[in-house]
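Notes to accompany the following structure.
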Amino acid sequence: MTDTGIASIVRSLAEGVDPGRVLRDVAHEALSRTATSHLLLAAMLEGQLTPLVAIGSPHPVLFEVSRDAFSTGRAAHRSDPALGLAAMAVPVRSRGAVVAVLAVAGGTGARGLALEPHALALPADCAALALAARPVASVLTGAGESYGGAALAGSLATIAAAGPLDQVVAAALDVAGARFAARAGFVCLPTGPDGVEVVGWRGVDRYRLGAASRHPGFTRLVSGAAVTVIPPTDPTVAQLTAGAEFAVCLPLVEDGPGALVLLVAEEPDAAGRRALDALRAQVAAGLRAARSAAAVEAAGTQLATLLNTLADPVLVVDPAGRFAALNPAAAELFALSDSFELGRPARGRLGHPGLEALLLGTEPSPGAGAPAEVVLGRPTPRRYQPVARALGGAGGRVLVLRPTGAAPGAGRDDLDVVAALGRALRDPLAAITALTTAGPGGDGFTLPSDWDVARKGIAAEAARLEALADQLALLSADGQGAASVAFRPERLDLVAAIEMVVGAHRVANPERDLAVAGPARLDVVTDRRLLERVIDPLIDNALRYSDGPVTVEVADRGETFEVAVVDVGPGIFSGDIPGLFERFHPLDGSPARRGAGLGLYTGRRLAELMGGRLWCDSRLGLGSRFALRLPLSPATR
């Protein structure tokens, strides 16, 4: 028998190879020398035999013989006639003390020499050297805590400096490997109410990770409320580590699944858990910052999408007079680059002092008053009527140029859309401006809680921008804009979703009688955002144009479901009902319902987009019932 394998292991130790990898090489060498198929290399931690490396099935006989060798300090033998296994274990000594045990097991037909103690003597010595080579100042064991704490603080700073989500994940795994001796790890985040997604991993075989993620216990593994250490014997952890390492789970989400999971050879003590909690807090903060930055970028994208739905030239500036957005029509009209110009001062870029004064909200220069009409464009000039609106407070301004050749009667509607655009853009742009000039530890935010509030605010404003972009897309004259409206179905409890919408109206109208009628629960698959955009205005109209109780009815109609808003108001003349759902079609002579046509038109289009319909039943003097019917699942369309 040659000692090539032992020579390779000794060379690895001399070269400083990761001790965990050396231990696995020792395990394979022990199997080769004993012609066996099962192995356990384990240490005794807090009175429990803890696997460091395991190969093959963890048969009870391996643990029994290992405990015998550990307690006696001598080689031990056991057998399991029922399984036809013979097992042997030898102690692993360091400085005269037993620090671990090396056990093997194989079929009873194995040759007798293979289960002699001397066959494991050299592998056990190599295992002792590898165990002694582990970092003595490991944060996991609390050794050198003061120095380790300073080094850890420096490492955590790299996570704070990371940018996008993938960089935060990479930095977290780097710190875990360098400061916590984590051989491997992964990060998973929620993907909705029903699952999680692994967004980054290192040192874990992707197929083994995939198998573990499908295990029934995986969601429980990543859903803890505090730093949790799970032993190698846990079925889900065994899928990841073959029963050889602990899994340390650091929760990253307050309510729901989402965690950084590290695979480590030792169980952390109290000091180690405190250090791990510091890592958890920093990674969670880094992910929140990454999501906020992504929300800002998404809000900018939604703003660009919104402007691109308008055929007329539109320009938006921030409070400092710099271009915040402009659509292709404006870029072409003023010979600007719709991407290069963003963030650059708008003054002097339009070539028309009067228009610049309108856009920037400044006093026009002498002899260049604010124009009521301008002629622009080459080689074919066109006449435009400029309309400018302030976005409110420190929100900047928007300028829209409407061709004067528009169809008769369209001017009022266009001006209304411009006004709505200005009102809707005000808060999102202010939030974006705040987030681009402040951050965790920067000007504007003094506490982490302030940053969290701002993050939630920008997410809400980004959603408002998306809703406005969708509304303008649905208002396109050619009817093709609906193709750009995203339909993202999810499984939800319809009754709970409606209760949330109704609850917001109850808070705003505490004196009104507003109720929900229907089953206690109804599971459907639909787009919650689009559903709320249809139902919310219906409730608002019912409360605004009636004095009595308002009821929101929820009903299961077999393959469809129905949500209806019922009021006991003045009702609507039957001949006017068809016009309710037309584009820009207020009811003549009915001021209570005037202006409702825009919201009801987009509501009807959204209902059609989701595979259903929206209609109204009403009787004068008795009240109205606006009903939305949708399929229980998109598959039934």
Filter the GluC sites (Glu not before Pro) in region 518-583 down to the DSSP loop ones having no more than 14 other Cβ atoms within 10 Å, then list what survives.
GLU559, GLU582
Residues of region 539-555 with the amide nitrogen closer than 15 Å to a label point 7 Å from the Cα of VAL568, along Cα-to-Cβ, please.
543, 546-552
For the pair ASP513 and VAL375, how long in nm is the line joining their label points, each one 7 Å along Cα→Cβ?
6.6 nm
The FRET efficiency for SER32 and ALA211, from their Cβ-Cβ distance with R0 = 22 Å and rounded to 0.05, is 0.20
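Once you have the Cα-Cα distance between ARG274 and ARG619, take 0.36 nm times their residue separation minus that, and quote the gain in nm to one decimal.
Details: separation 345, 0.36 × 345 = 124.20 nm, distance 6.76 nm.
117.4 nm is the gain from fully extending ARG274 to ARG619.
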Spelling it out for SER94: with amide H atoms placed in the peptide plane at 1.01 Å from N, the residues 5 or more places away or on another chain with amide H under 5 Å from its amide H are VAL99
Probe radius 1.4 Å, ligands and nucleic acids left out: which of THR526, THR551, THR191 has the largest accessible area, and how do the rest follow?
THR191, THR551, THR526
So what is the orientation-averaged projected area of region 167-223, using the convex hull of its C-alpha atoms, in nm²?
4.2 nm²
Span per principal axis, largest first, for the Cα atoms of region 22-77 (Å):
29, 22, 20
The FRET efficiency for ALA311 and THR404, from their Cβ-Cβ distance with R0 = 22 Å and rounded to 0.05, is 0.95
Can you give the extra length, in nm with one decimal, that the chain gains between ALA226 and ALA520 once fully stretched, where that is 0.36 nm per residue apart less the Cα-Cα distance?
102.5 nm
Once both label points are put 7 Å beyond Cα along the C-beta direction, the ARG529-ALA335 separation in nm becomes 3.9 nm
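Starting from the Cα-Cα distance between GLU499 and ALA178, subtract it from 0.36 nm times their residue separation and give me the gain in nm to one decimal.
Working: separation 321, 0.36 × 321 = 115.56 nm, distance 4.88 nm.
Full-extension gain reported as 110.7 nm.
Of the trypsin sites (Lys or Arg not before Pro) in region 178-214, which ones lie in a loop per DSSP and count no more than 10 other C-beta atoms within 10 Å?
Working: sites: ARG179, ARG183, ARG202, ARG206, ARG208, ARG214; in loops: ARG183, ARG214.
Loop-located and lightly packed - ARG214.
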DSSP loop (so not H, G, I, E, B), at most 15 other Cβ within 10 Å: list which GluC sites (Glu not before Pro) in region 9-83 pass both filters.
GLU15, GLU46
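Taking R0 as 60 Å, what FRET efficiency do you get between VAL17 and ASP547 from their Cβ-Cβ distance, rounded to the nearest 0.05? Walk me through the numbers before you get to the answer.
Values: r = 81 Å, r/R0 = 1.34.
Efficiency for this residue pair is about 0.15.
The values are calculated or read from the model by the stated rules, or taken from the named source; none is laboratory data. In this text, all values refer to a predicted model and were calculated from it rather than measured experimentally. Virtual Cβ from ideal backbone geometry, glycine too; neighbours counted across all protein chains shown. Side chains included, ligands, DNA and RNA excluded: accessible areas come from the protein's heavy atoms. Shrake-Rupley method; radii C 1.70, N 1.55, O 1.52, S 1.80 Å.
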